[in-house]
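Readers should treat all values here as calculations from the given coordinates under stated rules, not as data from a laboratory. Given the structure is predicted, the values throughout are model-derived calculations rather than measurements. Here the Cβ is made from the backbone with ideal geometry for all residues, glycine too, and neighbour counts use every protein chain on show.
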Amino acid sequence: MTTNEETLTKFYTAFSNGNADQMCEYYHPNIKFRDPVFGLLKHDDVCKMWTMLLEKSKGTIKIDFSEIKADDYKGSARWVATYNFSKTNRKVVNSIYAQFQFQDGLIIKHTDDFDIWKWAKQAFGWKGFVFGWTGYMQKKIQAQALSALKKYKK
C-alpha cells in the first residue's frame, strides 16, 4: 500500500467513524473540493461541509469505501453513503467515485462524482424524478446546499 493509499484509507475510516476533524487532518490547507451538490468549495469551507453533514446525520450515516488507489500525485476511491436526507427524511444510497490529487503528503484536490438525478430522485421523491435532471433544479439544489453551509458557519 502506498503512502497516499494509506492517507485515503485513514480519511474514509475517519469519515465512517463520523470524525470530521480527523478527516480534515488529511487535507492540505489549500484544499479544493467539488461535487454536484455543493459545487466548488475551498479551504475551511470543505471541512465545515463535512462537519455539517455529519452533524445533520446525527450518527446515522453509513459510509462504505473500496477500490482505493493512489500513487505519489493522484488517487481514486469508490464510496457509498447511506443516510436519511435531512430536509425530507427520505433514505438516500449515494454511490460516489472520488478522485484526488496530493501535495506535501496531503489531499489538495478532492472531486466527488455521482449521478445527481439519481440522488435527487431519492432525496426528493417524485419532484426529483421529474425535475432532478434539469439544470434549473440542479442549480436550486446547489443554492440550497450553499445556503445551509453559510448558515452553519455562522
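Compute the label zone of S147 within segment 81-98: residues whose backbone N is under 18 Å from the point 7 Å along Cα-to-Cβ.
86-89
Too long at a 27 Å Cα-Cα cut-off: which of K74/K153; K62/K153; K87/K150; K48/K118; K48/K74; K62/K121?
Checking Cα-Cα distances, K74/K153 exceed 27 Å.
Once amide H atoms are placed 1.01 Å from N in the peptide plane, what residues at a sequence separation of 5 or more from N84, or on another chain, have their amide H within under 5 Å of its amide H?
V92
Arranged from highest to lowest average of other beta-carbon atoms within 10 Å per residue, in what order do the peptides 22-28, 56-62 appear?
The most tightly packed comes first, giving 22-28, 56-62.
Would you compute, from DSSP H runs of 4+ residues alone, the mean residue ellipticity of the chain at 222 nm, taking -39500 (n - 2.57) per run and dividing by the full residue count, rounded to the nearest 500?
-13000 deg cm²/dmol
Could you give each residue of segment 60-65 its phi-based ³J(HN,Hα) in whole Hz, using Karplus coefficients 6.51, -1.76, 1.60 with θ = phi - 60°, and x for Gly or Pro?
9, 6, 10, 10, 10, 10
Under 5 Å between amide H atoms, partner at least 5 residues away or on a different chain: which partners does Y27 have, H built in plane at 1.01 Å?
Residues meeting the amide H criterion: I107.
Tell me, what HN-Hα J-couplings in whole Hz come from the Karplus equation 6.51 cos²θ - 1.76 cosθ + 1.60 at θ = phi - 60° for each residue of segment 8-19, using x for Gly and Pro?
Karplus-based 3J(HN,Hα) across segment 8-19 equals 5, 4, 5, 4, 6, 5, 4, 4, 5, 8, x, 10 Hz.
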